[in-house]
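For reference, the structure is listed below as C-alpha cells.
Computed from the coordinates by the stated procedures, all read-outs in this text should not be read as laboratory data. Since the model is a prediction, treat every value here as computed from it, not as a measurement. With ideal geometry, Cβ positions are generated from the backbone for all residues, glycine too; neighbour counts draw on all protein chains shown.
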Amino acid sequence: MFKKILIANRGEIAIRVTRACRELGVASVAVFSDADRESLHVFLADEAYNIGPAPSIESYLKWEKILEVAKKSGADAIHPGYGFLSENAKFARACAEAGITFIGPTPENMEAMGDKLSAKALMKKANVPTVPGSDGSVETAEEALNIAKNIGLPVIIKASAGGGGKGMRVVRSETEIESAFRACRSEGQNYFADPTVYIEKFVTDPKHIEIQVFGDKHGNVVHLFERECSVQRRHQKIIEESPSPSVPPEVRIKMGEASVRAAQKINYVGAGTIEYIFDNSTKEFYFMEMNTRLQVEHPITEQVVGVDLVKEQIHVALGNPLSFKQSELKQKGHAIEVRICAEDPVTYKPSPGLIRACRHPQGPFVRCDSYAYPGYEVPIYYDPMISKVITWGDNRQEAIDRMERALSEFILSGIKTNIALHKTILKHPKFLDGSYTTQFLEKNFEVIEPELFKDIDDHVFLIAAAITAFNDRKSKDVRQYSVFPNWKRVGRRMQLRT
Ligand code: MV4
C-alpha cells in the first residue's frame, strides 16, 4: 500500500479522496490556496500545505509547487481529483519522473483522447459507433459545404481541440456554412491554439449517456454501466442518474461492449468515462469523447454497482489487477445525483459568500458529498458546486421520492443556491417520465418564475430553528441574526422579506 497520498485538489472531491485514504489506512496530504485556509478538506486531511495565492493558476495548477510539497511531505502517490491537473499529461509524466505514482491513466492515455479528431478516428478503428461526417479535418469552406451537402443538414462543426461547448457551431442552412467554419477555426485557434475543425451530422435533441470504464496495468478492462447526464445547462451537468430511463437492455449491453473496446484500444489504465450522444428516437449511440479522469457524478455508479471507485483507483495504481470481473458487476436499483451550487436561481450567476446555517440531508439511502459547513465562506475563485446529494432507491421512483425528501431537509442559508430549482425539476413531467434530453432545461426553464423560490417547507424551518450549535465566526453575538436572515415567519410558514 502507499504510505501517503497527496490530494492535488480542493472541495468535496478532495474530501472524497481523503475518506478513501482513511479507510485504507493511508496518510493523506492536503494542499490549499490562500483562499482555502478554512476549507474543510484542509481540516480533514492528516497534513496540509499552502501552495500559493487564491487564483488556481497560482496554486492548484502549479504542478512544480505541488510536486515539491509531495517530496517534502514524503508522499509516494498523488491523486488529482477532477478538473485542475487531472487530465494533464505533462503533470502525470513529471510525477513519474519524480518517482511519485500518479493515481490515474497514463500520459499516453490522456494524449490519445485529448484531441477529439484523432480520438474519433481511433474509436472508428476500434469499431465504436461514431457520427457520420468528415473523415478527418476540414481545411476549406468549400470542402465544408460539400460535406454538408453530402451528409445533409443540419451539421455541427467542431474544433478538434475544443471542449466544454467552446469551438462548436450548429449549421442549419447552406448559407451559414462559411461563417460557421471560419468562426470555429478562429475559436479553436484563440482558445486552444489549434485551428483544426471537423464536421458531423448534427443529432437533434440527443441525450448525454456515458459509460464508466476501468482498466488495470495487466490489460484487463471492464465497464460499470451507464450514467445519464442530460439535465444540463450551458454544458454544465446539473442532475445525473443511473441507470438511464431510456436505454433498453440490449442497447446497454452494446454500449458496454463498445466502451470496453474503446478503452482496450488505448490500453487504458484506471477510471475513465466514454461519453456518447444517444438518439432517443432510434436508440442509436455515437462516441463523442473520453474523459480520462474520475468524474463528479461517479457516486451514482458507486451506489448502483456497489464499487468504491476511488479505492479501486488506488488499488490499480499500486499495480494490482482489477478486484472484479465483468461477470461480477451488476446494476442494482437506481441512483440520482443533484449538484448543489452557490448560484443565483434566477440569473444562474455564481453567488459565493458566507454560509450561515448548514444542515445536510441524512436518513436512509441518502449520501451527501459536501464541503459546506456553517460559518464557511464560499470563495469566488473556484467552481460554485459545494455539495452533491445522492439518493438510492429500489427503483427510479423511489430514488426520486427520496431525493425530494432529502432536498426538503437540506438547510443552507446565507448564500443563494439552486436547491429550489432541483425541487422544481424533480416534479416536471418530462423528468418524471424520463424522456428529457440535453435541451430540456433551456426549453423548459428559460424564464424561471421567482414565485417558485418563494417558500420553504415549514418543517425545514423547524429543523433550522433547532440548530443550536450555530457557528458564525464573523460575529460572536448569535442574537444579531436569524437562521434565515432574509426570511420572516408568518404563521406556520416562512416568507421572503420584500
Ligand atoms: C453533438 C451534438 C449533436 N450532434 N454532436 C456538446 C459538447 C460535446 N460533449 C459534444 N456536444 C454535442 N455534440 C453531434 N454530432 C450535440 C452536442 C450537445 C450540444 C450541442 C449544442 C448545444 C448544446 C448541447 C448540449 C449537449 C450536447
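Multiplying each eigenvalue of the alpha-carbon gyration tensor of segment 164-259 by 5 and taking the square root yields semi-axes of 32, 18, 14 Å, largest first, rounded to whole angstroms.
Taking only the C-alpha atoms of segment 293-349, Rg followed by Dmax gives 15.8, 49 Å.
In order along segment 186-192, the Karplus-derived 3J(HN,Hα) couplings, from 6.51 cos²θ - 1.76 cosθ + 1.60 at θ = phi - 60°, round to 6, 5, x, 5, 5, 8, 10 Hz, and Gly and Pro are given as x.
Taking label positions 7 Å along the Cα-Cβ direction at both HIS428 and THR140, the computed distance is 4.5 nm, reported to one decimal. Each peptide in 282-292, 327-337 was scored by the mean count of other Cβ atoms within 10 Å over its residues; highest first, the order is 282-292, 327-337. Taking the number of Cβ atoms within 10 Å of each Cβ as an exposure proxy, the fewest-first ranking of THR273, THR438 is THR438, THR273. Within the shell defined by Cβ-Cβ distances under 9 Å, the residues around ALA20 carry a net charge of +2, with Lys and Arg each +1 and Asp and Glu each -1.
Note: the chain, Cα convex hull, 154 Å³ per residue.
For TYR276, the residues 5 or more places off, or on other chains, whose built amide H falls under 5 Å of its own are ILE209, GLU210, ILE211, MET288.
Please report how far the C-alpha centroid of segment 214-265 lies from that of segment 108-157, rounded to the nearest whole angstrom. Value for the Cα centre distance between the two parts: 21 Å. From least to most packed, judged by other beta carbons within 10 angstrom and beginning with the fewest, ASP383, ASP394, ASP401 follow the order ASP394, ASP401, ASP383. Taking 0.36 nm per residue of separation and subtracting the Cα-Cα distance, full extension of the segment from ASP344 to ARG37 would add 108.0 nm. Net length available on complete extension from GLU328 to ASP394 is 21.8 nm, with 0.36 nm assigned per residue and the Cα-Cα distance removed.
Each peptide in 227-237, 201-211 receives the mean, over its residues, of other Cβ atoms within 10 Å, and ordering these scores from highest gives 201-211, 227-237.
The magnitude of the dipole of segment 1-122, with charges of +1 and -1 set on the Cβ of Lys/Arg and Asp/Glu and taken from the Cα centre, is near 140 debye. Each of ARG19, ARG293 was scored by other Cβ atoms within 10 Å of its Cβ. Listed from fewest to most, they are ARG19, ARG293.
Work out, step by step, the length gained on full extension between ARG182 and ILE380: first 0.36 nm times the residue separation, then minus their alpha carbon distance; give nm to one decimal.
The span from ARG182 to ILE380 would gain 67.8 nm if fully extended.
Only DSSP H runs of four or more residues enter the estimate; each adds -39500 (n - 2.57), and after division by the residues of the chain the mean residue ellipticity at 222 nm equals -9000 deg cm²/dmol.
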